[in-house]
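Contents: one structure, followed by commentary.
The values are calculated or read from the model by the stated rules, or taken from the named source; none is laboratory data. Here the structure is a predicted model, which is why all the values come from computation and not from measurement. Cβ placement follows ideal geometry from the backbone for every residue including glycine, while neighbour counts extend to all protein chains displayed. Surface areas here come from the heavy atoms of the whole protein model, side chains and all, with no ligands, DNA or RNA. Shrake-Rupley method; radii C 1.70, N 1.55, O 1.52, S 1.80 Å.
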Amino acid sequence: MTSIASGTSKNIYFPMAMCLYVSYFVHGMGVITLAQNMSYLMARYETDAAGIASVISFIGIGRLVSLFFFGDMSDRFGRRPMFVIGAVFYVIFFLGILVSPNIPVACAMAVCAGAANSSLDTCCYPALMEAYPKATGTSVILLKASVSLGQMLYPFIVGYLMVEKLWYGYAMLIPAVILFLTAVVILGKPFPQNSSRADTSDTLKSEIAVLKVAPKIWLEGTAAALFGYTAFAAFYIVVVWMPKYAQQFSGMAEPAALKTISYYSLGSLICVFISAFLVKKLVRPVHLMFLFSVLAGLMGLAVFANPTPLMCNLAAFVIGFTAAGGVLQLGVTLMSEFFPKSKARVTSIFMIFGSVSNFTIPLITGAISKVSIKYIMLFDAGMAFASAILSLIMLIRFYQTFSIPQADRRLGEGRSR
């Protein structure tokens, strides 16, 4: 974290950044709250697991609908109001779930959670890129680390409440209180002004890559948006299907097959910190996007061809590392660098494609599973290679559209551009 604070903004925005990371720590809890408390909610609403799953699906609906206009609101009214809106929606969700009497009301609360997610996305991503223009990739990818930490800690909180036979509502009150206090604190902290690399100071232009020609929305804009779809699909497929695939084709028992997701999560978390280090000074986000996509595709082919227990565990780890370890966050960063005048808007567009993937990939893989689950891994490899092609397009266009000063040269950029 301290490396981020050492940029051109010094420590002015460090308190704000810490608040944003805390909010994503709570967001990590929020996205699994309903699933982690499923048994309590099933009893409360007198429903089954499918009923709670239907409630969870409304998070995606709330996210998708709100993304269409929250990006414009963030660019128009600023990042701070969007943070407050996101915090309010999340507090409504956490507290509302505690008092909601039935499934329809719970679905409305889930929509609030989705809206909170969108609002925080359109605040935190652009705010961090504007606060730390010399470390955009590093500052943004740490949001992924915050989410992962929240998701790792929250099950321990829920488990402790179960073991000690304490009220399950504390699992909702704790994140609500944390986020409320964070919103109060951030009200008094400075935010950067909405800015673009096109209007940065002459001093900063000598230190970071800036646009030298106008980007093409139909080319790199389309490639970046589609990357949001394919990159999300590459890791989402593994999360949903790897345990079943490992159990059916490698002979692993169900408990062992379920542990493949632990290897996936470990790979994801490790990659976040490695990527944050690499994109700080050594490589550009688009380089990692291409490399990681190729590796994820090759690993998908390997586990398709040789589904042994060792290969399934290795594939889960490697795909977690390469496809889920912050690649989406790097994609957001790159798209915002191409189109810097509307960072929140392009963030929302990128996330919309990820949300569409969230809806459509389960339908596609469900249809494939009727033929054979094994082909789902082949489809996953295809999504990863599609991401590689899209990132290669963006890599080529990066060097055609950006001017790179000597102070911002990375590996392979020794000659003048």
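Of all residue pairs spaced 6 or more apart or on separate chains, those with beta-carbon atoms under 7 Å, a first member in segment 261-286 that is within 17 Å of G331 (Cα to Cα) and a second member that is charged (D, E, K, R) and buried (at least 18 other Cβ atoms within 10 Å of the Cβ) are V272/K144. Residues in segment 352-382 that are in a helix (DSSP H, G or I) and of a type in the set (G, A, S): G354, S355, S357, G366, A367, S369, A381, G382. Among the numbered conditions (1) crowded, with 18+ Cβ neighbours inside 10 Å; (2) more than 28 Å from L269 (Cβ to Cβ), the only one that P101 does not meet is (1). Check whether at least one residue in segment 87-98 is of a type in the set (A, V, I, L, M, F, W, C) and modelled with pLDDT under 90, and report yes or no. So far as segment 87-98 goes, no, none of its residues is of a type in the set (A, V, I, L, M, F, W, C) and modelled with pLDDT under 90.
On inspection, L34 does not qualify as touching a residue at least 60 places away in the same chain (Cβ under 8 Å), over 23 Å from V177 (Cα atoms) and open to solvent by less than 50 Å² (accessible area, probe 1.4 Å).
Considering only residues in segment 170-192 that are among the aliphatic types (A, V, I, L, M) and open to solvent by 20 Å² or more (accessible area, probe 1.4 Å), the one that is nearest to T122 (Cα to Cα) turns out to be L187. Report whether or not L120 is among the hydrophobic types (A, V, I, L, M, F, W, C), under 21 Å from P192 (Cβ atoms), open to solvent by less than 30 Å² (accessible area, probe 1.4 Å) and modelled with pLDDT of 90 or more. Criteria met by L120.
For segment 1-14, which residues satisfy the criterion of being at pLDDT 90 or above and open to solvent by 50 Å² or more (accessible area, probe 1.4 Å)? The one that is at pLDDT 90 or above and open to solvent by 50 Å² or more (accessible area, probe 1.4 Å): F14. Just one of the numbered conditions (1) among the polar types (S, T, N, Q); (2) closer than 24 Å to P243 by Cα; (3) surrounded by 20 or more Cβ atoms within 10 Å (Cβ to Cβ) is not true of N306: (3).
Results for (1) within 16 Å of Y229 (Cα to Cα); (2) not in a helix (DSSP H, G or I), shown as yes or no for each residue.
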{"position": "P307", "(1), (2)": "no, yes"}
{"position": "C312", "(1), (2)": "no, no"}
{"position": "A316", "(1), (2)": "no, no"}
{"position": "L334", "(1), (2)": "yes, no"}
{"position": "E337", "(1), (2)": "no, no"}
{"position": "S342", "(1), (2)": "no, no"}
{"position": "T347", "(1), (2)": "yes, no"}
{"position": "F350", "(1), (2)": "yes, no"}
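The numbered conditions (1) of a type outside the set (K, R); (2) within 22 Å of Q248 (Cβ to Cβ); (3) at pLDDT 90 or above are all true for L295 except (2). Scanning segment 340-376 for residues that are under 22 Å from the mean Cα position of the chain (by Cα) and among the aliphatic types (A, V, I, L, M) yields A344, V346, I349, M351, I352, V356, I361, L363, I364. For first residues located in segment 343-364 and touching a residue at least 12 places away in the same chain (Cβ under 8 Å) and surrounded by fewer than 24 Cβ atoms within 10 Å (Cβ to Cβ), partners that are assigned to a helix (DSSP H, G or I) and hydroxyl-bearing (S, T, Y) and lie 6+ apart or on another chain with Cβ distances below 6 Å form the pairs F353/Y229; S357/Y229; I361/Y236. Among the residues examined, R397 does not qualify as touching a residue at least 24 places away in the same chain (Cβ under 8 Å), in a loop (DSSP other than H, G, I, E, B) and surrounded by 15 or more Cβ atoms within 10 Å (Cβ to Cβ).
Could you say whether any residue in segment 402-415 is modelled with pLDDT of 90 or more, open to solvent by 30 Å² or more (accessible area, probe 1.4 Å) and of a type in the set (A, V, I, L, M, F, W, C)? The answer is no; no qualifying residue exists.
Counting only residues that are in a loop (DSSP other than H, G, I, E, B) and buried (at least 19 other Cβ atoms within 10 Å of the Cβ), segment 244-269 holds 2 of them.
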